[in-house]
Amino acid sequence: MSIARTIATVSLAALSAVGIADVAKALTIEPMIEDLQGPWGVAPLPEGGLLVTEKAGRLIYQKDDTRHDVSGLPEIAVVGQGGLLDITLARDFEQSRMLFLTYATPQEGGGAGTALASARLSDDAKRLENLTELFAMKPGSTGGQHFGSRVVEAPDGTLLMTIGERGNRPAAQDRSTHNGSIIRVDRDGSVPDDNPFIDMPGVLPEIWSYGHRNPQGAGLDLEGRLWVSEHGAKGGDEVNRIVKGANYGWPVISYGEHYSGEKIGEGTAKEGMEQPAFYWDPSIAPAGLMVYSGAQFPDWKGDIFVGALKFDYIARLSGDPLEEVEQIKTPETARVRDVVEGPDGGIWFISEDRGTVYRITP
């Protein structure tokens, strides 16, 4: 493992021109695991070490000098943007050793859809036990676009998973499909009685919110509320606070435009559709999202961190209304795929281009 190096951030570019206070801080950025191929999701372990997914279908464990593949994964469809995606530890992981995975699963007719599974990590961390598929989206698709997908466990123990519209724009407004939705299920895969559409004919009962394009970041704030980051088209990347039963507008409203330059839908606002808490134009291609506890950086308590795949930095957002107040941009932040807070309060992130998981500490 490489020696940690201490650096000073931060690339502020145009931010400094609008009066942002001095935010340069001394950070230590330390590689925690290297030589990865297509890393997608990371889960730091409370006993030390980590688990990391590779999209091509590997789950890797590393602690100190021990490194091995974890066996027992579900069948995974590696197609386009799909494969083995997110990993999240259960809140009671130290007792149960349960974790949750999202992935593209093969479906009838040759398509694939985003799925969610639970499993127990064996005591020696070499295999998954009691693997159970909790959910698979309906219907699947033969395309390779917009699988999502992140999963978080809410304070009430339910699971919230993001799903992209799979490149089928109108489907994001069609609640008879799971395309372009955030779904909510219990830890056994059953549908909670208080889901917003559970008794509505023609609407899939797992849906919690809809009208999403491709949400690839999700995290809970300090009050337990869900926030997501999602890809727009050409412009219009969004950060949204998710409200039960709400419609987030895709493809009817957007602050971006189609790649062809044509207008999207009906404009930027419509009654009955939510406005983003923040949006980027031009697009940064936002990936993992984390809301920080303040454990090691008290000044950042409650701030939102979002990885940028396109411009190679970590955005820090703060305030009401929400603003991008800082860009953590270093050689290490090359195509940031995931951002999470570790058990020690360090900020862990995946650099897809460098094939490395790093940890930021003061």
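Miscellaneous remarks
- Hey, F100 closer than 24 Å to L226 by Cα, open to solvent by less than 60 Å² (accessible area, probe 1.4 Å) and part of a loop (DSSP other than H, G, I, E, B) or not: no
- Test: residue in the range 164-175 that is of a type outside the set (A, V, I, L, M), surrounded by fewer than 24 Cβ atoms within 10 Å (Cβ to Cβ) and closer than 28 Å to L50 by Cβ: no
- Check on R127, over 24 Å from G219 (Cα atoms), of a type in the set (K, R), modelled with pLDDT of 95 or more and open to solvent by 10 Å² or more (accessible area, probe 1.4 Å): yes
- Residue satisfying condition, being among the acidic types (D, E) and surrounded by fewer than 21 Cβ atoms within 10 Å (Cβ to Cβ), within set D86, D65: D65
- In this structure, G224 does not satisfy being small (G, A, S), touching a residue at least 40 places away in the same chain (Cβ under 8 Å) and surrounded by 16 or more Cβ atoms within 10 Å (Cβ to Cβ).
- When the range 297-338 is filtered for residues that are closer than 15 Å to A285 by Cβ, part of a strand (DSSP E or B) and basic (K, R), only R337 remains.
- Restricting attention to the range 230-255, the residues that are in contact with a Gly (Cβ under 9 Å, 6 or more places away or on another chain) and either closer than 25 Å to L160 by Cβ or hydrophobic (A, V, I, L, M, F, W, C) (or both) total 18.
Every residue, every condition in (1) over 18 Å from D124 (Cα atoms); (2) in a strand (DSSP E or B); (3) modelled with pLDDT of 95 or more, yes or no:
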| site | (1), (2), (3) |
| --- | --- |
| L51 | no, yes, yes |
| Q62 | no, yes, yes |
| G80 | yes, no, no |
| D86 | yes, yes, yes |
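- Hey, K329 buried (at least 17 other Cβ atoms within 10 Å of the Cβ), in contact with a Ser or Thr (Cβ under 9 Å, 6 or more places away or on another chain), of a type in the set (K, R) and farther than 14 Å from G217 by Cβ or not: yes
- Cβ-Cβ contacts under 9 Å between residues 6 or more apart (or on different chains), taken from a first residue in the range 157-172 that is farther than 17 Å from N247 by Cβ and of a type in the set (K, R) to a second residue that is open to solvent by 20 Å² or more (accessible area, probe 1.4 Å) and part of a strand (DSSP E or B), are listed as R166/S141.
- Filter result (open to solvent by 10 Å² or more (accessible area, probe 1.4 Å) and either closer than 13 Å to E108 by Cβ or touching a Phe, Trp or Tyr at 6+ places or on another chain (Cβ under 6 Å) (or both)) within the range 137-154: K138, P139, G140, S141, T142
- Residue check for R187: assigned to a loop (DSSP other than H, G, I, E, B) and open to solvent by 10 Å² or more (accessible area, probe 1.4 Å): yes
- Any hit, the range 229-241, residues being farther than 21 Å from F100 by Cβ, β-branched (V, I, T) and touching a residue at least 40 places away in the same chain (Cβ under 8 Å): yes
- Residues (of a type in the set (S, T, N, Q) and either part of a strand (DSSP E or B) or open to solvent by 30 Å² or more (accessible area, probe 1.4 Å) (or both)) located in the range 237-279: N240, N247, S260, T268, Q275
- Per-region count, the range 107-155, residues among the acidic types (D, E) and either under 18 Å from I207 (Cα atoms) or part of a loop (DSSP other than H, G, I, E, B) (or both): 4
The values are calculated or read from the model by the stated rules, or taken from the named source; none is laboratory data. Since we're looking at a predicted model, the values are computed, not measured. So basically every Cβ, Gly included, is an ideal-geometry build from the backbone, and we count neighbours across all protein chains shown. Just the protein is used for accessible areas: all its heavy atoms, side chains included, with ligands, DNA and RNA removed. Shrake-Rupley method; radii C 1.70, N 1.55, O 1.52, S 1.80 Å.
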